[in-house]
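Report on one structure; see the data block that follows.
The values are calculated or read from the model by the stated rules, or taken from the named source; none is laboratory data. These numbers were taken from a predicted model, which means no experiment stands behind them. Here the Cβ is made from the backbone with ideal geometry for all residues, glycine too, and neighbour counts use every protein chain on show. Heavy atoms of the whole protein, side chains included, go into the accessibility calculation; ligands, DNA and RNA do not. Shrake-Rupley method; radii C 1.70, N 1.55, O 1.52, S 1.80 Å.
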Amino acid sequence: VQLQASGGGSVQAGGSLRFSCAASGRTFSSYHMYWFRQAPGREREFVVVIDRSGSTTHYVDSVKGRFTISRDNAKNAVYLQMNSLKPEDTAVYSCAARRWGPIIEDPTSMDYWGKGTQVTVSS
């Protein structure tokens, strides 16, 4: 599976951005899909996950109520809508996929990664 992310960019605090992550292959619906982020000088952080069917999602507390993940298995794509952005959301965001087993938030357990994309939120 190859993951190609698009979106991101720069925005003022309170603004919105949307990410898309498109996957190659015919097994996209077999993967839990994740977004992680890494701010300068900090470890990679779990942001959100959506399960294979799209029926279950889990967010890190700091983005609950502001970020929304969704997926379209027919289009092999996952989306991340980010609203009410804050300067502390500034980071490189990456989508990732995990096929086997339960949802785990450990980035070392991912099977595939997309290229990271910078999000910069100015105050």
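Computed from label points 7 Å out along Cα-Cβ, the spacing between Asp106 and Ser24 is 2.9 nm.
Of the solvent-accessible surface of the chain, computed with a 1.4 Å probe and all protein chains present, 46% belongs to carbon and sulfur. Amide hydrogen proximity for Tyr112: with H placed 1.01 Å from N in the peptide plane, the residues at 5 or more positions away or on another chain lying under 5 Å are Ala97.
For Leu17, the accessible surface of its heavy atoms amounts to roughly 20 Å² (probe 1.4 Å, protein chains only, rounded to the nearest 10). Could you state the accessible area per residue of the chain in Å², with a 1.4 Å probe and every protein chain left in place? Per-residue accessible area for the chain comes out at 51 Å².
Placing +1 at every Lys and Arg Cβ and -1 at every Asp and Glu Cβ, with all other atoms neutral, what dipole size does the chain have around its Cα centre, in debye to the nearest 20? Can you show the working numbers first?
Numbers: 14 positive and 10 negative charges, 66 e Å.
Using only the charged Cβ atoms, the result is roughly 320 debye.
Of the listed residues Ser20, Ser29, the order by accessible area with a 1.4 Å probe, largest first, is Ser29, Ser20. Bridging of Lys86 to lysines at a Cα separation below 18 Å is possible for Lys64, once same-chain residues fewer than 8 apart are set aside.
Relative contact order for the chain: what percent, with Cα pairs under 8 Å and sequence separation of 6 or more? Here the relative contact order equals 36 percent. Relative to one another, the C-alpha centroids of the stretch 1-36 and the stretch 81-116 are positioned 9 Å apart. In terms of Cα to Cα distance under 16 Å, which lysines are near enough to Lys75, apart from those fewer than 8 places away along the same chain? Cα-Cα hits under 16 Å: none found.
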